[in-house]
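Everything on this sheet refers to the single structure shown next.
The values are calculated or read from the model by the stated rules, or taken from the named source; none is laboratory data. Given the structure is predicted, the values throughout are model-derived calculations rather than measurements. Every residue, glycine among them, receives a Cβ derived from its backbone with ideal geometry; neighbour counts consider all protein chains shown.
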Amino acid sequence: MKKFFLSVICAVVSVSAMAAFEKDGFWYYINGSGAVVTYAHDAQEEPIAGYYKGDVVIPDSVESYGTKYAVKTIGIKAFCNCPDMTSLTIPANITLIEGDKTTFEGTPLKNIIINGSLTPLSIACDINLNDGEDGDPFMTLASSL
């Protein structure tokens, strides 16, 4: 009976660690030893359009259930459909931008600032930077994977 109870507790903790959560204006989930910035979503897990606005600065770390995790990844759809988001500052410990065209789709970024990263940054999607005049990209960071 004790063994079964312990197994159930472990399963509940594992499931809760994978669930997305909001902290200080960002949505995350925990993946292994690090946190992933993910898209804001409603109860049906549909993205909330326009959630991130203005100059967005991703924090270095986030706390969940009393454990502090380094923010290591920008997840698929993390910043999709945020037409009022103009810039993104990425901390040095982020080493992967996951995704496809949906990661930044509908988000007319003008600036991306990468804070002192000595670790190679792997980009699994194309990111278009816009000049804000006609919406056409003037620079593309191409996928490196």
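Counting only strands (runs of 3 or more DSSP E) that fall entirely inside region 51-95 and contain at least 3 residues that are within 20 Å of P108 (Cβ to Cβ), of a type in the set (F, W, Y) and at pLDDT 90 or above, no element qualifies. Can we say G99 is more than 12 Å from the chain's Cα centre (by Cα) and assigned to a loop (DSSP other than H, G, I, E, B)? It is false that G99 is more than 12 Å from the chain's Cα centre (by Cα) and assigned to a loop (DSSP other than H, G, I, E, B).
The set of residues in region 30-72 that are loosely packed, with under 14 Cβ neighbours inside 10 Å and on the phi > 0 side of the Ramachandran plot comprises G32, E45, G54, Y65, G66. Please go through region 66-77 and pick out each residue that is under 10 Å from V37 (Cα atoms) and in contact with a Gly (Cβ under 6 Å, 6 or more places away or on another chain). Those that are under 10 Å from V37 (Cα atoms) and in contact with a Gly (Cβ under 6 Å, 6 or more places away or on another chain): K72, I76.
Considering region 78-93, the residues that are crowded, with 21+ Cβ neighbours inside 10 Å, free of Cβ contacts under 8 Å to residues at least 40 places away in the same chain and touching an Asp or Glu at 6+ places or on another chain (Cβ under 9 Å) include one that is farthest from G34 (Cα to Cα), namely M85.
If you go through region 16-50 and keep only what is small (G, A, S) and either part of a loop (DSSP other than H, G, I, E, B) or at pLDDT below 85 (or both), you end up with S16, A17, A19, A20, G25, G32, S33, A40, A43, A49, G50.
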